[in-house]
Amino acid sequence: MIAAWELAPPATDTAPAGRPAVLDAVAGRLVVDPSPRELAAAGAVRPRANGVARPAAPPRTTDGQEITLLCNVASATETRLGLAAGAAGVGLLRTEIPFTGAAGWPSEAEHRSALDPVLGLLAGRTAVVRLLDFTGDKIPPFLAGREPGLAPLLSHPRALADQLRAVLRSGRDTELSVMVPMVRTVTELAAVRAALAEAAAGTGAPLPALGMMVEVAATAVAAATFTGACDFFSVGTNDLTSEVLGLDRADPAMSPALAADPRVLALIATVATAAQAAGVGLSVCGDAAADPAVLPLLIGLGIRRFSVGAARLPQVAEWIAAADSAACATQASRALAAAGLVPGQSPRVGS
Ligand code: PEP
Ligand code: MG
């Protein structure tokens, strides 16, 4: 998925050929003839040659709260980048990206070809592998016109089994979890859990943890009803914000910072409260976790695990190291109270 804020800016079309330039894909900014300082800043996030350095110590807030920082990836290159920048592992592997132009459901062998180079870098580390998320601008030609989201995968048990077997085999040396995108019902999770058990039995692999993305507003509102059906939640602020605020993800007005809107924040608070009450793991893997205005609010809601774009890791670690968790909690409570919202209250979606 290329989010609006990740699109190359129009300047890429008009920049003169042959001149040095730095493209900040997160800010959507092209700097032609960068200054030595801008060049150095861009170079600072380049992966090292082997790119698999052991993670640095996890970042801590000023008052000593440890935060687990993982990276979002879709390729081995991004994984090397994230690990070299200190990620403890991968908190979101977008498995659909290599297949957005596919002519049919990927076979087990095709999944293995895409997964092996990434998961091979993650021996002994966290690897959260998300099932194919053919939604939005990631719908391949063979699914054009079909209902987007999880439904096509679940209605094609062979495709699901092929992916699960490949994930289990490619991820055998990792701290593996399987994550389900766009979850709307407990029944969907139960179907994946049953298929996962079957794939594990068939491959002789241990059963990995099963997590779910919380990125649909109705799912976030009802988070407490999902706690018995999964091992962890990961909040997808990109889709959640888009739905709650009624903005298409490709809309130039969309931005990770909009997750600070109290209507979105109240839903994240609802998810956090449900996870904490049930002892279910919780992370945020949407781009809002790498936004300077939203990250403190998420810390303030008690969230201690984030997965961010690989290139954003050093910056996010710095922000964490400068944050005080008590001050963050006050900030989050004020943000919710100012809008007259409390955790558990449903916002008006799309208004
Ligand atoms: C999200 O929606 O926040 C998310 C992480 O998933 P994706 O961006 O891949 O849709
Ligand atoms: Mg999403």
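The values are calculated or read from the model by the stated rules, or taken from the named source; none is laboratory data. None of the values given here were measured: they were computed from a predicted structure. Cβ placement follows ideal geometry from the backbone for every residue including glycine, while neighbour counts extend to all protein chains displayed. What goes into the accessible areas is simple: the full protein's heavy atoms, side chains included, and nothing from ligands, DNA or RNA. Shrake-Rupley method; radii C 1.70, N 1.55, O 1.52, S 1.80 Å.
Peptide packing for 275-281, 161-167 was compared via the average number of neighbouring C-beta atoms within 10 Å per residue; ordered from the highest value, the list is 161-167, 275-281. What the pair-distance distribution of the chain shows, using all Cα-Cα distances binned every 10 Å from zero, is 5, 25, 35, 26, 9, 1 percent. When only the Cβ of Lys, Arg, Asp and Glu is charged (+1, +1, -1, -1), the dipole of region 70-221 relative to its Cα centre reaches about 140 debye. With the simple spin-label model, which puts each label point 7 Å out from Cα in the Cβ direction, the Glu318 to Ala15 separation comes to 2.1 nm.
Extension gain for Ala329-Val22 works out to 106.8 nm (0.36 nm per residue, less the C-alpha to C-alpha distance). You can think of it this way: the chain between Ala218 and Arg158 has 18.7 nm of extra reach, that is 0.36 nm per residue less the Cα-Cα gap. Across the chain, the mean sequence separation of Cα contacts (distance under 8 Å, 6 or more residues apart), normalised by length, yields a relative contact order of 18 percent. In the chain, the DSSP beta bridges split such that about 15 percent are antiparallel, to the nearest 5.
Calculated mean residue ellipticity, 222 nm, the chain: -11000 deg cm²/dmol, from DSSP H runs (n ≥ 4) at -39500 (n - 2.57) each, averaged per residue and rounded to 500.
Among Phe99, Phe142, Phe233, which one moves the most in a GNM of the chain with springs linking Cα atoms closer than 10 Å? Checking each option, the largest mean-square fluctuation is seen for Phe142.
Shown here is the pair-distance distribution of region 124-277: with all Cα-Cα distances grouped in 10 Å bins from zero up to the longest one, the shares run 11, 37, 35, 16, 1 percent.
Springs between alpha-carbon pairs under 10 angstrom, Gaussian network model over the chain: which of Thr219, Thr187, Thr237 fluctuates most? Of the options given, Thr187 has the highest mean-square fluctuation. Taking all protein chains into account, the per residue accessible area for region 61-337 stands at 35 Å² (1.4 Å probe). Net charge near Leu240, counting Lys/Arg +1 and Asp/Glu -1 over other residues with Cβ under 12 Å of its Cβ? Its environment carries a net charge of -3.
Once neighbouring chains are kept in place and the probe is 1.4 Å, which whole percent of the accessible area of region 139-251 is contributed by carbon and sulfur? Of all accessible area on region 139-251, carbon and sulfur atoms account for 54 percent. Candidate membrane-span-like segments in the chain, meaning DSSP H helices with Cα atoms spread over at least 27 Å of their own axis and a Kyte-Doolittle mean of -0.5 or above, do not occur, with no membrane implied either way.
Each Lys and Arg adds +1 at its Cβ and each Asp and Glu adds -1 at its Cβ; summed about the Cα centre, the chain shows a dipole of about 520 debye. With the charge dipole of the chain set up from +1 on Lys and Arg Cβ and -1 on Asp and Glu Cβ about the Cα centre, the Cα lying farthest toward the positive end among the listed residues Ala220, Ala195, Leu207 is that of Leu207.
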